[in-house]
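A short worksheet on the structure shown next.
The values are calculated or read from the model by the stated rules, or taken from the named source; none is laboratory data. Only a predicted model underlies this, so the values are computations on that prediction, with no experimental measurement involved. Cβ placement follows ideal geometry from the backbone for every residue including glycine, while neighbour counts extend to all protein chains displayed.
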Amino acid sequence: MMIYAITIFLGAFLLFQVQLISAKTVLPWFGGSPAVWTTCNLFFQGLLLAGYAYGHAAVRRISQRAQGRVHALLLLASLGVAAALALAWKSPITPPGSWKPQGSADPVIHILAILLISVGLPYFLLSATGPILQAWLGRTYREQTVYRLYALSNLGSLLALVSYPFWIEPRMALQTQARFWSWCYAAFALACAYCALRSSTAENSAVLESPTPKERIFPGEQPSSEKHAGLGTAANDAIQAGSVHSVSCQKSGAAPTKGLCAIWLGLAGCASVLFLATTNQLCQEIAVIPLLWVLPLSVYLLSFILCFARERWYSRRWFHPAFGGALLTACFLLYGGAESSLGKQIGCYVGVLFVCCMVCHGELAKLKPSARFLTLFYLMSACGGVLGGIAVALLAPHLFPGFWEYQAGLLAASLLVLAVLTRDNNSWLQTSGTRGSLAVLSTAVLLPVCVILAIPTLQGARKSVFFIVALLALLFLVSGRKKGDVAPGSIPRRNVAFYSGAAIFILALVLGGSLRARSVNAIASFRNFYGVLTVRAQDPGDATREAYALSHGLTVHGYQFRADSKRRLPTSYYGTGSGIGLALKYAQATKPIIHSAALRIGVVGLGIGTLAAYGRKGDSIRFYEINPEVIRLATKSAYFTYIRDSPAKVDVISGDGRISLERELQRGEEHDLDVLAIDAFSGDAIPVHLLTKEAFEIYLQRLKSPGGILAIHVSNRFLDLKRVVFRAAEEFGIPCVWVQSERTDALTSNSDWMLLSHDSTFLKSTDIQESRGIESPRAPRARLWTDDYSNLFQVLRKQ
């Protein structure tokens, strides 16, 4: 038993550790977009499904002796492939830089191809091994022990996730992580091969008993009564009625019905959608780093562990009211509640995700079948996870103009939970009389209260509306019948359906209203792999102030006035008093003295092309932008004309800015830029790979010496990135100042720019001093960020 348990635990640990290593490897190659992690999750969920399907087919279709031999051969083959890749690459699972994207290739296809070649076979076998080993053990040990091994595997996965950002990532370089993982995988493969060969020599080598024609996997909604003989009349009646009560299914050994399999799919799929949507919500506005991948995924796995380790750890009595509270909290967040507090936002999002996953996975655990159908159960659960991944990674960007999958996941989970309770005649919704139905409706009635509490402009109306709605909800509950007044099951199903339908209708209205609230003054909205772009009208109707603004997520990335007299003025974070404005004005003033009159300017991050407003005739400005939709809006749309209006020669290079700069270095373009501005954002998050030591090496090689200026935009609501830049400047021995500019009129916005240059005259100029330029951080010294290390905790702003 011990060798099986150790192998399952190690396999689960490696299963999730490789996800983080692989995702971190490819993240900088695709602009640091949150969609990189979503796409990686889709790949791993798909291979998990393939592994479960292989395990299910092997256990049901071939003998145990053959299962062991086939699995051992596949494991040995994976070691051979890993050895071949190790000879070609630096490590067996991290491809070299030659695999970086070229041109405008589809990022989803490219990421999936990289992962398939680098970790496809090992991950497939890791995902298949757990169910296969548990199925072999199921012949000898009671099924409760087998399901506890499922919880053990999830514990191994959770430890892999928690250990990565706090222990492995800070202590090991990425290549070292990959090599260490490869050696651990080799140990796992040998241990698993031993288990497989041991199983193949067992006395019981017959094919797992196949179902008879009357007991096929999907026998229909009305299983034969002979199959449930000895269970008692109540159990037989429940199964014949299509009840999804789990105890009957486990004790009877009945083949799962199609309806039950559909519910398995739905519960697993809803949890997957909410997990991925929550990750998108967090990464879009903070940073795309392993810590914010790990947190939602850890919560997702923790719910699996709790629900499958002990049945009593999931109680409808506690978690269903908590589910109602989670819906209220989610609506509060979606309408802008706690928007200014990072800690509250993360806490609320994670809390909502935990409760929702506990309910989905808890109901899933209640419906688990006997060990005989264990692999089918795993297969359906994995399939549901894949469907959730497909919905978020592939379908949502094409179907929704915004991040609507979070609202869709909440609505679908609510529908599914009510459906499960409605089908279960012993659920509280069926047995508590009218009170249960009114409790559901009262929760929905409280949703508008959360909306009112979240919207700052409704301060005066908060208390009065809250008390009115709360009083109505209380009256509803008091007017309901007591539990003892009505016999269980006597409430007509149409009444339950009516109250449930009314609650879902109110929830849909509130969730839909959050989408409408985010599209106020929106003229156009576009979504692709890199996020959601929205063009909004600012001050419509005011001829002197009307402007078009571009938002990425919730963050404005620039705006341009429509009036001809103001259309060419630099605005927002790029005004003449901002850090980049001061740098460009100084370069223009001194350029005729030092060199020729023309400036060469590089800008990583296009936005709406505002910096092109500084261009003079003869100047050359080169923008680097990875998002093709941003390029289209800035260069070809009728909304923004900075690039077309600029007298300078403007080029736009498609692709990740750091990769493009690196390739230009390889072509011999060194020390050619007077000013290099780093202004790439994904929502409010700056891609981490643009702030590492390796990135600064590239930037400094491109700047002219000694007078070149490196300007880095670090404005962020939640992260104090000045310390990261100061530390990098110290590493390379280049003077650095922080320039903070505040909004003074309709032209400008608050901004933080870091200016690095060996030109001491510029850094000590009157303009810099008047702009409160600060040459050293007041906070403790930060650790240098590299491609292998970054630490979100050390740069969190105090809320």
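Starting from the stretch 532-555, keep only residues that are farther than 25 Å from residue 406 by Cα and surrounded by fewer than 17 Cβ atoms within 10 Å (Cβ to Cβ), then list their pairs with residues that are among the small types (Gly, Ala, Ser) and at pLDDT below 90 whose Cβ atoms are within a distance under 7 Å, requiring at least 6 positions of separation or different chains. Once the first residue is farther than 25 Å from residue 406 by Cα and surrounded by fewer than 17 Cβ atoms within 10 Å (Cβ to Cβ) and sits in the stretch 532-555, its partners that are among the small types (Gly, Ala, Ser) and at pLDDT below 90 give 545/746. The single condition among (1) under 22 Å from residue 754 (Cβ atoms); (2) out of contact with any strand residue (DSSP E or B) (no Cβ under 9 Å at 6 or more places or on another chain) that residue 573 does not satisfy is (2). The selection criterion, being within 17 Å of residue 162 (Cβ to Cβ) and not aliphatic (A, V, I, L, M), does not hold for residue 43. None of 121, 152 is within 21 Å of residue 12 (Cα to Cα), among the hydrophobic types (A, V, I, L, M, F, W, C) and at pLDDT below 85 except 152.
Could you list, in sequence order, the residues of the stretch 682-718 that are assigned to a strand (DSSP E or B) and either among the hydroxyl-bearing types (Ser, Thr, Tyr) or surrounded by fewer than 21 Cβ atoms within 10 Å (Cβ to Cβ) (or both)? Within the stretch 682-718, just 682 meets the criteria. Restricting 87, 20, 47, 14 to residues that are outside the structural domain of residue 690 (by TED's automatic domain parsing), among the hydrophobic types (A, V, I, L, M, F, W, C) and in contact with a Ser or Thr (Cβ under 9 Å, 6 or more places away or on another chain) narrows the list to 47. Cβ separations smaller than 6 Å between residues 6+ apart or across chains give the following pairs from the stretch 720-731 residues that are under 18 Å from residue 759 (Cα atoms) to residues that are part of a helix (DSSP H, G or I): 728/696. Take the residues in the stretch 623-643 that are touching a residue at least 40 places away in the same chain (Cβ under 8 Å) and of a type in the set (Val, Ile, Thr), then tell me which one is farthest from residue 523 (Cα to Cα). Applying the filter and picking the extreme gives 626. Total residues in the stretch 508-523 satisfying the condition of being part of a strand (DSSP E or B) and without any contact (Cβ under 8 Å) to a residue 60 or more places away in the chain: the figure is 1.
Considering 365, 326, the condition of being touching a Cys at 6+ places or on another chain (Cβ under 7 Å) and within 18 Å of residue 295 (Cα to Cα) is satisfied by 326 alone. Considering the conditions (1) at pLDDT below 90; (2) surrounded by 14 or more Cβ atoms within 10 Å (Cβ to Cβ), residue 753 is excluded by exactly one of them, (1).
Can you find a residue in the stretch 54-63 that is at pLDDT 85 or above, assigned by TED's automatic domain parsing to the domain that holds residue 179 and under 29 Å from residue 272 (Cα atoms)? Yes, that holds for at least one residue. Quick check, is residue 714 in contact with a helix residue (DSSP H, G or I) (Cβ under 7 Å, 6 or more places away or on another chain), within 23 Å of residue 753 (Cα to Cα), in contact (Cβ under 8 Å) with a residue 40 or more places away in the chain and among the β-branched types (Val, Ile, Thr)? Yes, satisfied. May I ask you to verify whether residue 618 is in a loop (DSSP other than H, G, I, E, B), crowded, with 16+ Cβ neighbours inside 10 Å, on the phi > 0 side of the Ramachandran plot and in the same structural domain as residue 710 (by TED's automatic domain parsing)? Taking the combined requirement at face value, the residue does not satisfy it.
Within this structure, residue 102 fails the test of being in contact with a Phe, Trp or Tyr (Cβ under 7 Å, 6 or more places away or on another chain) and polar (S, T, N, Q). For the stretch 30-57, filtering for residues that are free of Cβ contacts under 8 Å to residues at least 60 places away in the same chain and surrounded by 24 or more Cβ atoms within 10 Å (Cβ to Cβ) leaves 0.
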